[in-house]
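Q: Mind having a look at this structure? Questions to follow.
The values are calculated or read from the model by the stated rules, or taken from the named source; none is laboratory data. Keep in mind the model is a prediction, meaning the values are calculated, not measured. Please note: Cβ atoms are built from the backbone with ideal geometry, for glycine as well, and neighbour counts cover all protein chains shown.
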Amino acid sequence: MNSRKPQTPPPACYAQTIPGLEQVASDEIRDRLGGEILRTGQGLVVFKVPEITADLLELRTVEDVFLFAWGSDQLSYRALDLDWIEKWTKSKADWPRMLALHHSIRTKPKGNPGYWLVVQQSGKHVYQRQYTRQALARGLGQAIHPKWRVVEENADIEFWLTIEGTQAICGLRLSDRTMRHRTYKREHRPASLRPVLAAAMARAADIQPGMVILDPMCGAGTLLAEARLMVQSNGKGKVRLLGGDVDAEALDCARLNLRTMGGGTFCRWDARRLPLAERSVDRILCNLPFGMAYGVGENLGQLYAATFMEMKRVLRPNGLGVVLTSEVAAARQAALVCRLSVAGSMRVRILGQPATYLTLRGV
Ligand SMILES: C[S@@+](CC[C@H](N)C(=O)[O-])C[C@H]1O[C@@H](n2cnc3c(N)ncnc32)[C@H](O)[C@@H]1O
């Protein structure tokens, strides 16, 4: 007879991502971790994995990962919610087990840990965020040792509660800021792409080892960095990176950001006249100029058409381009003119503004 105690399954996890990327993130969770998706919401994926390991922190299309404590979609907007938040926090989660799992992934703090409570709240609730935070703190009273200290910076442990309208989700944060910001990003540029979105675009481009990857408007080089990391984490293969920009300072940033991960070839150019041979590139990734910073007074339609014409020229047969813009109509029109077909599109929200990435293929 087997006398070993059956192991209780690990708690569920949840991840926060950019709104619109829930499906992409779910696919990555399934592919990379063998995870089972339990539900998705705006910018949220709740899932189960067979085991809680540091592999959770290797996900590239999510910004934060948490151990799930409790969730509800029945908040009432009224003060009564605060009682429920306290009660659920006190009784619905196995905090000691969650903290042990947290310490198995993140370094266990020496002595009394410093902790922090993060409350995100949007909606017309009658109670303000500070009262929600107090309710969370009261509920956690039994999990936190009285000697643990509240610290505003570099907390060892973070308890998060995110409320959107009637929905609430509470958990223990496993990730830190490097998951969202990455460690390679030393230099930032205005309009620099969020790495998670760059990773989603790299996934859409189906990048394989041995490919030549081009970003004709590379800015700080985020797309190229994510393209390389995607291939390295999948199969340890290599890709060749080509980046260019009209702005010399942007190129300096890109060179610096890529330096620690194998570099690339960078060149100052106008994307409308690329110094590259016909059919020399397998994949193109590009965050096109758009929006307030670039759109005013410029004819984006013409810029897109001239850039797409060059993209089509340098792409190999079966090549793919993935381009991001908020000016989707202008991009679709330019694709039509240049005889590039739109093989896919994904709508996302960046800082509340809609944008779309299109997957383009030569016809
Ligand atoms: C939206 S930003 C790209 C940001 C980049 N993906 C990143 O994460 O930093 C657009 C970039 O296009 C560059 N750009 C604009 N017009 C260009 C052109 N005609 N040729 C090459 N680069 C251009 C700008 O200098 C800027 O760096």
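Q: Consider the stretch 278-296. How many of its residues are within 10 Å of the ligand (Cβ to nearest atom), modelled with pLDDT of 95 or more and of a type in the set (Gly, Ala, Ser)?
A: 0
Q: Further, regarding this structure: Please enumerate the residues belonging to the stretch 313-345 that are within 16 Å of the ligand (Cβ to nearest atom) and within 16 Å of Ala200 (Cα to Cα). Step through it out loud before you land on a result.
A: Filtering the stretch 313-345 down to residues within 16 Å of the ligand (Cβ to nearest atom) leaves 313-314, 321-328, 330-331, 334, 338.
Once the filter is applied, which keeps residues that are within 16 Å of the ligand (Cβ to nearest atom) and within 16 Å of Ala200 (Cα to Cα), the stretch 313-345 yields Gly321, Val322, Val323, Leu324, Thr325.
Yes/no matrix, rows are residues, columns are (1) in contact with a Leu (Cβ under 7 Å, 6 or more places away or on another chain); (2) of a type in the set (S, T, N, Q); (3) surrounded by 21 or more Cβ atoms within 10 Å (Cβ to Cβ); (4) within 16 Å of Ser175 (Cα to Cα):
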position	(1), (2), (3), (4)
Thr8	no, yes, no, no
Tyr14	yes, no, yes, yes
Arg30	no, no, no, no
Glu36	no, no, no, no
Gly41	no, no, no, no
Lys48	yes, no, no, no
Thr53	no, yes, no, yes
Thr61	yes, yes, yes, yes
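Q: Restricting to the stretch 93-127, what's the tally of residues that are of a type in the set (Ser, Thr, Tyr), at pLDDT below 95 and surrounded by 14 or more Cβ atoms within 10 Å (Cβ to Cβ)?
A: 1
Q: Moving on. Quick one: Asp176 ticks every box in (1) near the ligand (Cβ under 8 Å from one of its atoms); (2) within 28 Å of Trp70 (Cβ to Cβ); (3) not aromatic (Phe, Trp, Tyr) except a single one, so which number is it?
A: (1)
Q: How about the stretch 150-171: which of its residues are part of a loop (DSSP other than H, G, I, E, B) and modelled with pLDDT under 95?
A: So the first thing to find is which residues in the stretch 150-171 are part of a loop (DSSP other than H, G, I, E, B), and the list is 151-156, 165-166.
Within the stretch 150-171, Val151, Glu152, Glu153, Asn154, Ala155, Asp156 meet the criteria.
Q: Are any of the residues in the stretch 193-213 in a loop (DSSP other than H, G, I, E, B), within 9 Å of the ligand (Cβ to nearest atom) and either surrounded by 15 or more Cβ atoms within 10 Å (Cβ to Cβ) or in contact (Cβ under 8 Å) with a residue 40 or more places away in the chain (or both)?
A: yes
Q: Among (1) surrounded by fewer than 12 Cβ atoms within 10 Å (Cβ to Cβ); (2) closer than 27 Å to Thr178 by Cβ, which single condition is Gln130 missing?
A: The failed condition is (2).
Q: Tell me whether the stretch 297-312 contains one or more residues that are modelled with pLDDT of 95 or more, among the acidic types (Asp, Glu), surrounded by 18 or more Cβ atoms within 10 Å (Cβ to Cβ) and within 12 Å of the ligand (Cβ to nearest atom).
A: Yes, some residue in the stretch 297-312 is modelled with pLDDT of 95 or more, among the acidic types (Asp, Glu), surrounded by 18 or more Cβ atoms within 10 Å (Cβ to Cβ) and within 12 Å of the ligand (Cβ to nearest atom).
Q: Please specify each residue of the stretch 69-115 satisfying the condition of being part of a loop (DSSP other than H, G, I, E, B) and either among the polar types (S, T, N, Q) or within 21 Å of Leu38 (Cα to Cα) (or both).
A: The initial filter retains those residues of the stretch 69-115 that are part of a loop (DSSP other than H, G, I, E, B), namely 73-79, 92-94, 106-113.
Passing the criteria: Asp73, Gln74, Leu75, Ser76, Lys92, Ala93, Asp94, Thr107, Asn112.
Q: When the residues of the stretch 26-45 are narrowed to those that are part of a strand (DSSP E or B) and in contact (Cβ under 8 Å) with a residue 12 or more places away in the chain, which ends up farthest from Pro10 (Cα to Cα)? Full working, then the answer.
A: Start the filter on the stretch 26-45 by keeping residues that are part of a strand (DSSP E or B), which leaves 36-41, 44-45.
Now drop any that are not in contact (Cβ under 8 Å) with a residue 12 or more places away in the chain, which leaves 36, 38, 40-41, 44-45.
Values: Glu36: 13, Leu38: 14, Thr40: 19, Gly41: 22, Leu44: 19, Val45: 17 Å.
Selected residue: Gly41.
Q: Another question about this same structure. Kindly list, by first and then second residue, each pair from a residue in the stretch 139-166 that is in the same structural domain as Trp95 (by TED's automatic domain parsing) and crowded, with 18+ Cβ neighbours inside 10 Å to a residue that is aliphatic (A, V, I, L, M) and in a loop (DSSP other than H, G, I, E, B), limited to pairs with Cβ atoms under 8 Å and residues at least 6 apart or on different chains.
A: Final answer for the pair search is Ala143/Ala93; Ile163/Leu75.
Q: Further question: State which residue is farthest from the ligand (Cβ to nearest atom) when the search covers only the stretch 228-275 and only residues that are under 30 Å from Arg30 (Cβ atoms) and part of a strand (DSSP E or B).
A: Ranking the qualifying residues of the stretch 228-275, first place goes to Arg240.
Q: Name the one entry in Leu57, Leu21 that is in contact (Cβ under 8 Å) with a residue 60 or more places away in the chain and buried (at least 20 other Cβ atoms within 10 Å of the Cβ).
A: Details: Leu57 fails: buried (at least 20 other Cβ atoms within 10 Å of the Cβ).
Criteria check complete, one pass: Leu21.
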